[in-house]
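A short worksheet on the structure shown next.
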Amino acid sequence: MKRLLSLALAASALVAATPGFAEELANQVMNGRYQAILGDCSGCHTVSGGKYLAGGEALVTPFGKLVPPNITPDKATGIGNWSYQDFRNAMTRGVGHDGKHLYPAMPYPNYSMIPDRDLKDLWTYLKTVTPVDRKVVANQLPFPFNQRVVMRGWNMINFTPKTFKADPDKSPEWNRGAYIVQGPGHCSACHSPKTLLGADKSSGAYTGAELQGWYAPNITGAKRRGIGDWSEDQIVRYLKTGTDGKTTASGPMAEAVTNSTSKMTDADLKSIAVYIKSLPASEPAAPKPLAADDARMTAGAAIYRDNCSACHGAGGEGAKNLFPALKGDAVLMQDSVAVPARAVLFGSKGAQTAAAPTRPGMPALGWRLNDTQVADVLSYVRNSWGNAGAPVAASDVATVRKQGR
Amino acid sequence: MTSLPLRSSRRAFLAGGVSLLVVGALSPVSAHSYSGQLPWLIDNTEPPVPVKPGGWYFFLPDEVALMSAICDRLIPADDLSPSGTDAGCVVFLDRQLAGPYGRAERLYMKGPFHPGLPTQGYQGPNTPAQRFRKGLAAIGKAVDAKTPGKKFTDWDAKDQDAFLTSLEKGDVKFGNGLDSKTFFAFMLENVMEGFFADPIYGGNKDMAGWKMIGFPGARYDYRAWVPQHNKPFTGAPISIAGSVQWGGKADK
């Protein structure tokens with residue numbers, strides 16, 4: 001921010017002779033900064049607790065390891081030598097400086113929707129970020145995936161640059177939401193199932209997907225697994241504060257809330273809510289819940305009573321704003337138990353936002369419960385208080401434990 | 001021991017104050033201020049380490065035999081509970097005396113050593129480990145003086161009880177700087193701790209002590225039971241390591 005200001009000041013000093021230009025530049029920088037929030041650049045390109053945009057934590061993809069590079073304007077290790085055209089190619093075509101193909105862990109298929117004006121402002125803003133000298137080896141994939149040229153073939157099959165086309169039959173609010181969700185917000189990057197090639201599947205968009213040991217849940221209008229039962233206000237509150245009062249963002253979503261959605265305008269959050277509520281509901285029918293006298297349920301009930309009920313409530317009702325309600329919780333209803341298993345094994349930490357600075361936390365119980373016990377308590381919460389889900393196997397928990405946090 | 005001046009001189013006090021100020025100014029700052037978010041790390045748990053069964057870390061073989069015999073008289077096996085030894089009290093004592101407790105790591109252990117008031121507890125120079133070592137040796141000697149060539153373990157329960165009673169009253173003279181009454185009280189307290197402490201520390205096997213008195217374990221929430229009057233609480237006791245009702249023993 002300081003740097004932003006000094007840039008604006010310097011600009012105004014330089015162009016004092018042409019009034020209006022400095023103001024225009026400041027507006028561009030501010031709009032560019034907002035574009036960086038919409039696109040959540042720092043979510044990938046900043047290490048937790050590290051220097052802003054100086055490169056991020058490794059992404060573990062099914063194809064191997066990719067490290068988000070340094071995108072500060074440092075000439076040696078960042079993008080200080082790039083031109084706007086280089087940047088535009090990277091964002092909209094997946095082709096970086098010196099013609100190297102980017103991997104689509106960088107969501108250029110989504111970013112290609114960003115209109116030129118916003119892209120230019122984003123570029124103007126990125127040049128004001130403090131340059132950081134930090135070398136990042138982005139491509140740590142094994143052969144043959146480390147051959148960037150393979151991305152040419154991938155792009156031929158999976159990628160056509162899109163421009164966002166507004167639907168004239170829908171409200172401007174809906175269209176704005178659709179643009180943010182499909183475009184810069186790149187929600188599909190986590191929430192849409194992937195093809196074998198790692199592209200978004202054309203069917204089942206936003207019905208949830210496994211990612212880096214986490215599971216991004218269904219965000220369609222589905223009642224059981226998705227946000228069909230949520231009001232628009234609930235969604236706005238969740239994206240702004242990390243909780244709608246009943247459920248709490250954790251893991252990568254907590255980061256996305258902290259870095260991105262909590263900084264969006266209320267109008268944009270409302271637009272997102274309007275749009276995702278309109279996503280066609282897609283979920284399988286609820287299974288029959290496990291019988292209460294099933295051995296897994298009785299063990300699970302004892303484990304729940306002794307370890308979980310003090311915060312999550314004897315009836316799974318949770319405590320408003322603090323502890324998630326498990327009764328009716330959509331995250332528990334996904335096919336994957338990765339998220340709840342991680343929470344039990346390793347603990348969890350909610351999002352930290354300006355509106356809700358105290359992040360609620362859950363302690364780790366993996367030292368106290370073995371895999372069978374974790375599986376049983378998960379089976380119990382998935383099949384109690386009206387919830388219904390497939391029972392959890394100890395081997396599923398073992399996989400999550402082995403992966404580590 | 002040289003006697004220490006009871007009052008520091010004014011000069012010494014001032015000099016001390018100045019040196020404190022200088023040290024304060026030169027030491028690296030160890031305080032942190034946090035803003036924005038709580039410095040709470042995920043999965044940063046440091047759970048207590050359960051005692052490993054098998055072997056002795058502090059007691060010598062003779063001491064194990066003597067301590068077991070004493071535990072079995074202090075907490076005899078009956079229809080209320082297993083004996084102190086079967087409940088793991090000797091293992092508990094062994095691990096505690098071999099660890100920081102035995103070394104009195106949390107206590108101020110430098111002189112001067114004056115006999116304190118009864119309310120002040122033990123004021124002597126011995127660590128708990130030294131007190132047990134010396135106390136058990138003194139008991140062995142006293143037993144040998146009474147019945148030459150025999151050990152406490154050779155006695156029948158009645159004689160053992162009579163001897164322990166005389167210890168409790170302070171009638172046995174240890175002659176090694178320890179007082180038998182104080183030692184007995186100390187030993188009894190530690191044995192009871194073994195009987196009622198969480199099982200992960202080696203004693204209270206299968207929560208026998210807790211089952212005896214109906215303690216449901218370290219639970220933190222009884223709200224659901226508050227309005228249920230005159231109904232027994234049916235949950236099995238839970239220890240830090242868990243509860244039998246949790247199942248899943250097989251892969252633990």
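Conditions first: (1) within 11 Å of chain B (Cβ to nearest Cβ); (2) open to solvent by less than 20 Å² (accessible area, probe 1.4 Å); (3) in contact with an Asp or Glu (Cβ under 8 Å, 6 or more places away or on another chain). A:Ala398 passes all but one, so which condition is the exception? The failed condition is (2). Contact annotation: residue pairs with Cβ atoms under 7 Å, 6 or more positions apart or on different chains, pairing a residue in segment B:212-240 that is without any contact (Cβ under 8 Å) to a residue 24 or more places away in the chain with a partner that is of a type in the set (Ser, Thr, Tyr) and in a helix (DSSP H, G or I), are B:Asp221/A:Ser309. Restricting attention to segment A:32-46, the residues that are open to solvent by less than 40 Å² (accessible area, probe 1.4 Å) and either in a strand (DSSP E or B) or over 15 Å from A:Met91 (Cβ atoms) (or both) total 4. Considering only segment A:323-339, I want to know if a residue exists there that is touching a Pro at 6+ places or on another chain (Cβ under 9 Å) and farther than 19 Å from A:Pro391 by Cα. Yes: one or more hits. If the condition is being under 18 Å from the mean Cα position of the chain (by Cα), over 19 Å from B:Tyr57 (Cβ atoms) and in contact (Cβ under 8 Å) with a residue 24 or more places away in the chain, then segment B:97-125 contributes B:Tyr122, B:Gly124.
Filter segment B:207-252 down to residues that are part of a helix (DSSP H, G or I), of a type outside the set (A, V, I, L, M, F, W, C) and more than 7 Å from chain A (Cβ to nearest Cβ) and give me whichever is most open to solvent (accessible area, probe 1.4 Å). Among residues in segment B:207-252 that are part of a helix (DSSP H, G or I), of a type outside the set (A, V, I, L, M, F, W, C) and more than 7 Å from chain A (Cβ to nearest Cβ), the one most open to solvent (accessible area, probe 1.4 Å) is B:Arg223.
Being within 16 Å of B:Val51 (Cβ to Cβ), open to solvent by 20 Å² or more (accessible area, probe 1.4 Å) and in a helix (DSSP H, G or I) is the filter here, so list the residues in segment B:154-206 that pass it. Correct list: B:Glu193, B:Phe196, B:Pro199, B:Tyr201, B:Lys205, B:Asp206.
Checked against (1) in contact (Cβ under 8 Å) with a residue 60 or more places away in the chain; (2) assigned to a loop (DSSP other than H, G, I, E, B), B:Glu63 meets all criteria but (2). Screening A:Leu332 against (1) open to solvent by 50 Å² or more (accessible area, probe 1.4 Å); (2) more than 10 Å from chain B (Cβ to nearest Cβ) leaves a single unmet condition, (1). Could you tell me whether any residue of segment A:349-367 is more than 29 Å from A:Ser260 (Cβ to Cβ) and in contact with a Phe, Trp or Tyr (Cβ under 8 Å, 6 or more places away or on another chain)? Taking every residue of segment A:349-367 in turn, at least one turns out to be more than 29 Å from A:Ser260 (Cβ to Cβ) and in contact with a Phe, Trp or Tyr (Cβ under 8 Å, 6 or more places away or on another chain). One residue is enough: does segment A:251-270 have a residue meeting the conditions under 30 Å from A:Pro184 (Cα atoms), among the acidic types (Asp, Glu), in contact (Cβ under 8 Å) with a residue 12 or more places away in the chain and within 14 Å of chain B (Cβ to nearest Cβ)? Yes, because at least one residue in segment A:251-270 is under 30 Å from A:Pro184 (Cα atoms), among the acidic types (Asp, Glu), in contact (Cβ under 8 Å) with a residue 12 or more places away in the chain and within 14 Å of chain B (Cβ to nearest Cβ).
Scanning segment A:335-385 for residues being at pLDDT 95 or above, open to solvent by 30 Å² or more (accessible area, probe 1.4 Å) and more than 7 Å from chain B (Cβ to nearest Cβ) gives a total of 2. Among the residues of segment B:39-76, those that are within 14 Å of another protein chain (Cβ to nearest Cβ) and of a type outside the set (Phe, Trp, Tyr) comprise B:Pro39, B:Leu41, B:Ile42, B:Asp43, B:Asn44, B:Thr45, B:Glu46, B:Pro47, B:Pro48, B:Val49, B:Pro50.
The values are calculated or read from the model by the stated rules, or taken from the named source; none is laboratory data. In this text the structure is predicted, and so the values were computed from the model without any measurement. FYI the Cβ positions are ideal-geometry reconstructions off the backbone, even for glycines, and counts take in every protein chain you see. For accessibility, only protein heavy atoms count, side chains too; no ligands or nucleic acids. Shrake-Rupley method; radii C 1.70, N 1.55, O 1.52, S 1.80 Å.
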